[in-house]
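Step one of this worksheet: look at the structure below.
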Amino acid sequence: MSPTSENTETATLDIEGMTCASCAAAVEKSLSRAPGVQSALVNFATEKATVQYLPGQASPSTLKEAVVNAGYGVVERALDTSAADRQAEIDRQKALAYAKLKRRFWVAVGLAAVIMPLSMLMLWPAAMQRVNTQWLNYGLLLLTLPVLLYSGREFYSSAWNGFRHRSANMDTLIAVGTGAAFLYSVAATVAPGFFMRHGLIPEVYYDTTATIIALILLGKLLELRAKTQTSAAIRGLMGLQAKTARVVRPGGQEMDVPIEQVQLGDVVLVRPGEKVATDGVITEGQSAVDEAMLTGESLPVAKKAGDAVFGATLNKTGAFRFRVTKVGADTMLAQIVKLVEDAQGSRAPIQRLADKVSAIFVPTVVVIAILTFVLWFDLAPVATRLPLALTNFVAVLIIACPCALGLATPTAIMVSTGKGAEYGVLIRNAEALEKAHQVNTVLLDKTGTITRGEPTVTDFLTAPGQDAASLLQLVAALERQSEHPLAEAVVRYADAQAAPALPATDFRAIEGKGAAATVNGQAVLIGNQRLLQDENVALPADLLQQSEQLLNQAKTVLYVAVAGQAVAVIGVADVVRETSKAAIQQLQALGIEVVMMTGDNAQTAAKVAAQVGITRYFAEVLPSGKAAKVKELQAEDRTVAMVGDGINDAPALAQADIGLAMGGGTDVAMEAAGITLMRSDLQGVVTAIALSRQTIRTIKQNLFFAFVYNTLGIPIAAGLLYPFFGWLLSPMLAAGAMALSSLSVLTNSLRLKGFAPVSKG
């Protein structure tokens, strides 16, 4: 339960007893009508209800009461359980349910295997002459009773429960269909004379009853196993978490403790090959950490003191210590799991049609079945009208299962959101996933998305006769004392060149101009041209020419002077990410126009756009004007995806049809976006759109299967083809078809597990 606004709270309920989309619709309807409920969403695939309610008018207990009133139950959650504990409990309950269902199935199969050949004895007249038909029917009755009372008991109890609450579901159809066949058979067994006096043969359908129940249980068994696989991503994410942490106590003693006992501020030691226990900041040591499990990035990331590390990532080479900054539900892994859980429980707009059909499906089928019975009873020959009317009535009820309709969308959403998380693409909800497939224009903010978003040294140019390596040591020694972003860029460059660290003294920052210090006994200056002028340092012609070339390339220039002489110029720029050009080409190959937006001047914008293959761009866009640019594109009848990372991108992300926030960006940007990319890499945009397109394609295929199955199956089961071809559908075949329909939809959704991002080429 969590507050969602000033006035409402959200509760997530684990619903038990649902067998089809009609059940989900009944629960949702009951919750929606409860006083104080603002909205209710029930997901049949995840068996969860998400309810927004007013605390003063509703409570978890009244919500539970609404579910019970609909004829279903609520599984109690232990307070303060972690996502891993919740999933473990759900897995345990599902394993129990699977084992129970399996026992019921095998009992039904075993008895049906005996009932079926005994019912076929009439095909061998010689055998029938030696068997008393009356006793044979009593024997079949005794064999069928365990199938009904044990294997099929839940169908009847669920149907009765629904009847008491004035609702109908899939179990209603099965119970009425098999119950009618069984009761007719019982009547023919105990009172065969009644049938014969009316010119009817007292046939029994015990084999039909037993076989239908066995086949439906087989379908449910396969369905439960496949549904378990759809939540494999969540299970996989939670399985990444370390079980213990090696905590360093104040006295220096190292101690392995369960992860649940790690506290904020603890210092944790991580050795090569070990998992990082939780989120924190490195205090000592350095290493390369594999973060692929969170970001999808295959290359290990270098980490040193001051860098953040995240729980569940894998330390590769060095050892380090870090101070714990987040534990439990606040960690990055826990937030990813929560986001995926929420997305899997959400509903895609494309599902609305299926929901509307499911809501009226069962009552409609019952009416069609009754009409089928009446028409066959009135129009068929007297001697066969009752058996024909009964078998077609049963066939219509059994074949018309709304399961496939209910599973078509949520199972695909579950698999694809999990798959997205695997590749570092976190999808907020099903609506965002669906919207992404319609995108035909991607608007990229330049800084931080196409480019790295941080200054980087691109040129280190020295005056003739100067040794670049020695100068770099002097410059780095001065810049290490500064906190200016440009100084950090110079230090990163020096570290990358493995420049030795020298001590610097007499450091002073000169506001708006640069900095000065003494290194190796020499006065070192670094800053802008005005600093050199103020210090009366002349700039040689060759350095002046090089600096002008750098300025023409829209780069920032730093001037270096040692012992009163200008000796070097440094070019600094926000460089394009290595993967940006390839990702933009892949988006264009998908038929998407890529547009760039930046606050830089037109010259800089044109250079960057040309560098990555973008032909349309907006330059000199103020932060307040970004959302207006999105509107401008939308006014051209485009479906726009906005990609950004900063606070000033948030209005544009919210305005766009779908917003994608880069993972290295601000929380505000991620909050405004429908999709968050864990990696600062435009390849994630390609992955998100490709995944969305494949998911929606799968959902449409599922809905097609489900609708076609019912559209064709019901008329055939009703005997529509009989007048033309003499074809009738056996109720047993109808049961097999019903099981296959759900299985086909689930199998099609599970194909999404094979999704792979477009190659970077």
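Numerical summary
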item	result
Apportionment of accessible area to carbon and sulfur, segment 700-742, percent (1.4 Å)	81
Exposure of K631 as accessible area (Å², to 10), given a probe of 1.4 Å and all protein chains	110
Carbon plus sulfur fraction of accessible area for segment 523-621, probe 1.4 Å, in percent	46
Accessible surface of segment 347-467 [probe 1.4 Å, protein heavy atoms]: carbon and sulfur percent	61
Helix 83-119 axis, angle to the chain major axis (alpha carbon atoms, nearest 10°)	30
Mean accessible surface per residue for segment 373-507, computed with a 1.4 Å probe while every protein chain stays in place, in Å²	36
Computed E for Q466/D506 - FRET, C-beta separation, R0 22 angstrom, nearest 0.05	0.45
22 Å Cα-Cα reach of K356 towards lysines, excluding residues that sit fewer than 8 places from it in its own chain	K29, K48, K435, K700
Square roots of 5 times each gyration tensor eigenvalue, C-alpha, segment 670-721, largest first, Å	42, 10, 5
Residues of segment 677-761: accessible area per residue with a 1.4 Å probe, Å²	43
Under 5 Å, built H, 5+ apart or other chain: amide partners of V74	E16
MRE, 222 nm, helices only [DSSP H, n ≥ 4, -39500 (n - 2.57), over the chain, to nearest 500]	-16000 deg cm²/dmol
Packing rank of 430-442, 726-738, 573-585, where each peptide gets the mean count of other beta carbons within 10 Å, highest leading	430-442, 726-738, 573-585
Estimated distance in nm for a label pair at K581 and V131, the labels positioned 7 Å out from Cα along Cα-to-Cβ	8.0
Candidate aspartates and glutamates for bridging to K316, where Cα separation is under 12 Å - those fewer than 8 sequence places away on the same chain excluded	E274, D290, E291
³J(HN,Hα), Karplus 6.51/-1.76/1.60, whole Hz, each residue of segment 522-538, x for Gly, Pro	10, 7, 10, 10, 8, x, 8, 5, 5, 4, 4, 4, 4, 8, 6, 9, 7
Calculated on alpha-carbon atoms, Rg and Dmax of segment 527-682 in Å	19.6, 62
In degrees, nearest ten, helix 170-190 long axis to first principal axis of the chain (Cα)	20
Ellipsoid semi-axes in whole angstrom, largest first, where each is sqrt(5λ) of the Cα gyration tensor of segment 147-207	28, 12, 8
Amide H contacts of D307 (H built 1.01 Å from N, under 5 Å, at least 5 apart or other chain)	I282
Gained length - L240 relative to Q549, 0.36 nm times residue gap less alpha-carbon distance	106.2 nm
0 to 90° range, to nearest 10: angle between helix 332-345 axis and the chain longest Cα axis	40
Peptides 129-135, 380-386, 697-703, 414-420 ordered by average Cβ neighbours within 10 Å, highest first	414-420, 697-703, 380-386, 129-135
Karplus-derived HN-Hα couplings along segment 208-221 (A = 6.51, B = -1.76, C = 1.60, θ = phi - 60°), whole Hz, x at Gly and Pro	4, 4, 5, 5, 4, 4, 5, 5, 5, 5, 4, x, 5, 4
Summed residue charge, Cβ within 13 Å of K555's Cβ, Lys/Arg positive, Asp/Glu negative	-3
Calculated FRET efficiency for the pair N536/S59, C-beta based, R₀ 60 Å, to 0.05	0.20
Sequence ranges 444-451, 463-470, 7-14, ranked by mean other-Cβ count within 10 angstrom, highest first	444-451, 7-14, 463-470
Karplus-derived HN-Hα couplings along segment 32-38 (A = 6.51, B = -1.76, C = 1.60, θ = phi - 60°), whole Hz, x at Gly and Pro	4, 7, 5, x, x, 7, 7
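The values are calculated or read from the model by the stated rules, or taken from the named source; none is laboratory data. Everything numeric here is computed off the predicted structure, so don't read it as measured data. Positions of Cβ are generated from backbone atoms using ideal geometry, with glycine treated the same way; all protein chains shown enter the neighbour counts. Side chains included, ligands, DNA and RNA excluded: accessible areas come from the protein's heavy atoms. Shrake-Rupley method; radii C 1.70, N 1.55, O 1.52, S 1.80 Å.
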